[in-house]
1. Scan the range 1-52 residue by residue and report those that are of a type in the set (Asp, Glu), over 30 Å from SER375 (Cα atoms) and either in the same structural domain as VAL386 (by TED's automatic domain parsing) or surrounded by 14 or more Cβ atoms within 10 Å (Cβ to Cβ) (or both).
2. Which is touching a Ser or Thr at 6+ places or on another chain (Cβ under 8 Å) and hydrophobic (A, V, I, L, M, F, W, C), of VAL293, VAL389?
3. Have a look at VAL185, VAL190, VAL203 and point out the one that is within 27 Å of TYR371 (Cβ to Cβ), surrounded by fewer than 21 Cβ atoms within 10 Å (Cβ to Cβ) and of a type in the set (A, V, I, L, M).
4. Pick out the one residue from VAL361, VAL389, VAL357 that is under 22 Å from PHE139 (Cα atoms) and surrounded by 21 or more Cβ atoms within 10 Å (Cβ to Cβ).
5. Could you tell me how many of the residues in the range 46-81 are in a helix (DSSP H, G or I) and out of contact with any Phe, Trp or Tyr (no Cβ under 7 Å at 6 or more places or on another chain)?
Amino acid sequence: MSQRAFLPFALPYIGQEEIDEVVDSLRSGWITTGPKTKQFEEDFAAYLGVEYCIAVNSATAGLHLALECIGVEAGDKIITTPYTFTATAEVIRYLGADPVFIDIDRDTCNISPSAIERYLECLSSAERRRIKAILPVHFAGQACDMDSICDLADRFDLRVIEDAAHALPSTYNKRMIGTIGDITVYSFYVTKTLATGEGGMIVTAREKWARRMEVMRLHGINRDVFGRYTSSHPSWYYEVVAPGYKYNMPDIAAAIGIHQLRRVDTFRERRWAIARRYSEGLQGLPMRLPVSVRPDDIHAWHLYVIQLELEQLTIDRDRFIELLSEQGVGTSVHFIPLHLHPYWRKRYGFAADDFPVARDVYSRAISLPIYPAMSDADVERVVEAVRNVAEMYGSG
């Protein structure tokens, strides 16, 4: 095994500016939702070119609020992908609704619009009325086929709620993700392209929905803490107008986000450079490399996922990962399809082959390290390790 330090799968890039901004928050005495959260929301809206941004403590919270504000309730159904983290689907269950899983396209690992269309066309009128929204996930930072998805939404009178946890910044036909669907939700988890540790952002052009989500993110109170203490109203007075949640983002997280956002294009450029080097260095090996299906658009490259050609290898995916680890390279797998997990399998009676593309991609997938803190030498280590394993265990 290499004596070099282990290269982790992911690390955040935190600069002195982020540290200084957090210290400023701590010294100010205002560490919950306040002026820095408001600034972060305003900066984010300006960056995307959107009307309303609502900062929350996770993308999970954001997706929940998005579905709640469009009126999803028990008995409704939401179309989404099984090839995602469980949060995408679990928020549907929070409201007593049910996810409808639709398989993915192999090249992008994004939900298949043609499969959505086939599903919707097979439903009776009564069944269609239960479908309330399509919830696409922009896997790895590559935008879904939003024209097709939005056309289906218009045709069948559905909302489009985008899970953009991987997609900052990403574009579709030169439009920023966040400006296309009805509501878009971003994640700022520690591994994401903009990291605040925990956190998320909801964006929409609809004022009615934005106001509802602002209220529901903090216990259904009609004024947040910052508003109460900086307005002309008595600071102690507030009104509960709905049974809300505790989903607000604190200023400490927003302080990090303010400066992460200023670096996000630089981060994206570095991720793109790493992805390009991987695609050059891993050519000719028994694996499918990720592609950008719309080269003129921005791919956020949150993930770089290879798919092993197992038929040309004498080892399986899990052993490949073990061997990379022995060479000091950390990896991950995105994702274990939801229908293979005990909860989803038992609740809906799924069989392993119900979503064959998602299952097959999962059996071959390895996510390689890709983050701005990686040096060129780190990238070469990854290329070398992958080549070593693939060439040693190739069956040809």
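1. GLU41
2. Being touching a Ser or Thr at 6+ places or on another chain (Cβ under 8 Å) and hydrophobic (A, V, I, L, M, F, W, C) holds for just one of VAL293, VAL389, which is VAL293.
3. Step by step, each of VAL185, VAL190, VAL203 is checked, and only VAL190 is within 27 Å of TYR371 (Cβ to Cβ), surrounded by fewer than 21 Cβ atoms within 10 Å (Cβ to Cβ) and of a type in the set (A, V, I, L, M).
4. From the options VAL361, VAL389, VAL357, the qualifying one is VAL361.
5. 9
Okay, residues lined up against (1) in a loop (DSSP other than H, G, I, E, B); (2) surrounded by 18 or more Cβ atoms within 10 Å (Cβ to Cβ); (3) modelled with pLDDT of 95 or more:
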residue: ARG211; (1), (2), (3): no, no, yes
residue: PHE226; (1), (2), (3): no, yes, no
residue: GLY257; (1), (2), (3): no, yes, yes
residue: ASP265; (1), (2), (3): no, no, yes
residue: GLU269; (1), (2), (3): no, no, yes
residue: ALA273; (1), (2), (3): no, no, yes
residue: GLU280; (1), (2), (3): no, no, yes
residue: GLY284; (1), (2), (3): yes, no, yes
residue: ALA300; (1), (2), (3): yes, yes, yes
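Residue-wise test of (1) outside any strand (DSSP E or B); (2) in contact (Cβ under 8 Å) with a residue 24 or more places away in the chain; (3) surrounded by fewer than 23 Cβ atoms within 10 Å (Cβ to Cβ).
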{"site": "GLU127", "(1), (2), (3)": "yes, no, yes"}
{"site": "ALA133", "(1), (2), (3)": "no, yes, no"}
{"site": "CYS144", "(1), (2), (3)": "yes, yes, no"}
{"site": "ILE161", "(1), (2), (3)": "no, yes, no"}
{"site": "ALA167", "(1), (2), (3)": "yes, yes, no"}
{"site": "THR179", "(1), (2), (3)": "yes, yes, yes"}
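Let's see how each residue does on (1) under 13 Å from PHE101 (Cβ atoms); (2) at pLDDT below 95; (3) surrounded by 20 or more Cβ atoms within 10 Å (Cβ to Cβ):
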| residue | (1), (2), (3) |
| --- | --- |
| HIS341 | yes, no, no |
| ARG345 | yes, no, no |
| ASP378 | no, no, no |
| VAL382 | no, no, yes |
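The values are calculated or read from the model by the stated rules, or taken from the named source; none is laboratory data. Since the structure is predicted, the reported quantities are computational estimates derived from the model, not experimental observations. Note that each Cβ is placed from the backbone with ideal geometry, even for glycine, and that neighbours are counted across all protein chains shown.
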